[in-house]
1. Quick one: is LEU307 over 29 Å from THR207 (Cα atoms), of a type in the set (A, V, I, L, M) and at pLDDT below 95?
2. Name every residue in the stretch 138-171 that is assigned to a helix (DSSP H, G or I) and closer than 23 Å to ALA399 by Cα, in order of residue number.
3. Inspect all residues belonging to the stretch 391-405 and state whether any of them is of a type outside the set (Ser, Thr, Tyr), closer than 21 Å to VAL198 by Cβ and in a helix (DSSP H, G or I).
4. Looking only at the stretch 209-238, which residues are of a type in the set (Val, Ile, Thr) and either over 23 Å from LYS407 (Cα atoms) or modelled with pLDDT under 55 (or both)?
5. Restricting attention to the stretch 204-228, report how many residues are closer than 14 Å to GLY396 by Cα, within 19 Å of the chain's Cα centre (by Cα) and not β-branched (Val, Ile, Thr).
6. Is it the case that some residue within the stretch 343-357 is more than 22 Å from LEU264 (Cβ to Cβ) and crowded, with 19+ Cβ neighbours inside 10 Å?
7. For the stretch 380-417, give me each residue that is at pLDDT 95 or above, crowded, with 19+ Cβ neighbours inside 10 Å and of a type in the set (Gly, Ala, Ser).
8. Just one of ALA83, ALA119, ALA64 is of a type in the set (A, V, I, L, M), at pLDDT 95 or above and touching a helix residue (DSSP H, G or I) at 6+ places or on another chain (Cβ under 6 Å); which is it?
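The values are calculated or read from the model by the stated rules, or taken from the named source; none is laboratory data. Computed from a predicted structure; not experimentally measured. Note that we place each Cβ from the backbone using ideal geometry, even for glycine, and neighbour counts take in every protein chain shown.
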Amino acid sequence: MKLALLAALPVSLATISACSGQTPDGTMEERPSSPEPQKDASAGTGPKADDAPKTDDAAAKVDAPKTDEAPALFGGSIERVMAKLPTKGQAAQTPWSGSTWPASTDSINHRWDDRSSPAATEKYETAFRASDVQHHVSASHGLEGGGASCLWNSMCGEDICGRRNDSTLGRCVSRRANIEPGWASAAILVPEPQHEVVENGVTFKETDIKALASMLYTKSERETVSLHCNEDESALNRDKHTRSAAKCRHTNPGTLHLLLANYLGIRKQAFVENRPFYDRVSNRPVRGYQIQEQRVVSDEEANRLVLGDASSPIPTSYAFNSGAKSFLYVKTRVAYVRESNAGEVFYSADAYTTHDEFTYILELDGKGAIIGGEWVGASKNVHADSLWLPKPVTSGHVAGISYNQVKKLVDASIANP
């Protein structure tokens, strides 16, 4: 599918930046920094705070997914009835692996091929008679946006002394600074370059084109579901059920399951997972999923699976969501694509595909629709943080790089050589 033909996604942007969570009595509060979920008159709507049943029993626990975790935030209708959801799915356009272009090597100004071969930005300036592209890239995502000058890492504290190519003098930049979200977005929405392209006598290799597309997508909008925990793993607090503290208890497994089934299973559309759920997250394009095990469980067994050894005796009534009428234990295998080194070129994403296995309880209402869930076993500690859907770039410039010119290179790279 060519870049020009990418289907437009919903136009609203869900920008989410703060963490909050449960009120002291265990019910869910609406987080003021979160967007309102899109209204959906169809039967397919995602879990929302309003889905939580009303109860006169003040002691009843209502732990449904929070407003900011409504799958409808991705846009469009969401099928929630479990019996209607596919048990596996794959993206129609498989995301490609690519470099995240660290700031410590000056992002896409890095001469990745060898020190004598021009960087993607240098080639771009020559081929399209552009100016100051290297400067704009460095200022926004590279060394010029860094801190003090340096000669070695010990001068930078927890940061790293980054250098552009053969430079002796460097700058202190964060070890984790890169354009990973740009790569993840481009990997989903831009067809993977298949061969070199010559433009005005300049040869752009596949990695050069990926680099330019990744930079172009650093400014793309996205639809976001759930919040970022932003807590160090060692500092995570746990409740009496060994679940993470309320402000870090996301993404709800009901939300994850609905988005996997609706986007990968029904729409064949990849999206991005921030993983794991504490502060050191990575953006990874999710390319597929498959349910490996699914079985009905009783209230008591659902409690036993969630609580483990945290409670004795095990309650006979479900302890987490009073609106749930039935329960499923589910084990799901999720496939995502990881980044590669700039000099690596594989045309198959399989070489960079990694899998997670998630175990969880799904909570269903009286009509068999998913209204929430709880993580089980190891998945309490390793699961998705937030999920987001990138929106296509269709015009404009980023760091002096033109959408139209990158599109020209992409189209030529996927055409017959």
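1. Yes: the conditions hold for LEU307.
2. If the condition is that a residue be assigned to a helix (DSSP H, G or I) and closer than 23 Å to ALA399 by Cα, then SER138, ALA139, SER140, HIS141, LEU143, GLU144, GLY145 are the ones that fit.
3. Yes.
4. Residues satisfying the conditions are THR224, VAL225.
5. Total satisfying the criteria: 7.
6. No, the stretch 343-357 contains no residue that is more than 22 Å from LEU264 (Cβ to Cβ) and crowded, with 19+ Cβ neighbours inside 10 Å.
7. Selection gives ALA399, GLY400, SER413.
8. Just a single option satisfies the conditions, and that option is ALA119.
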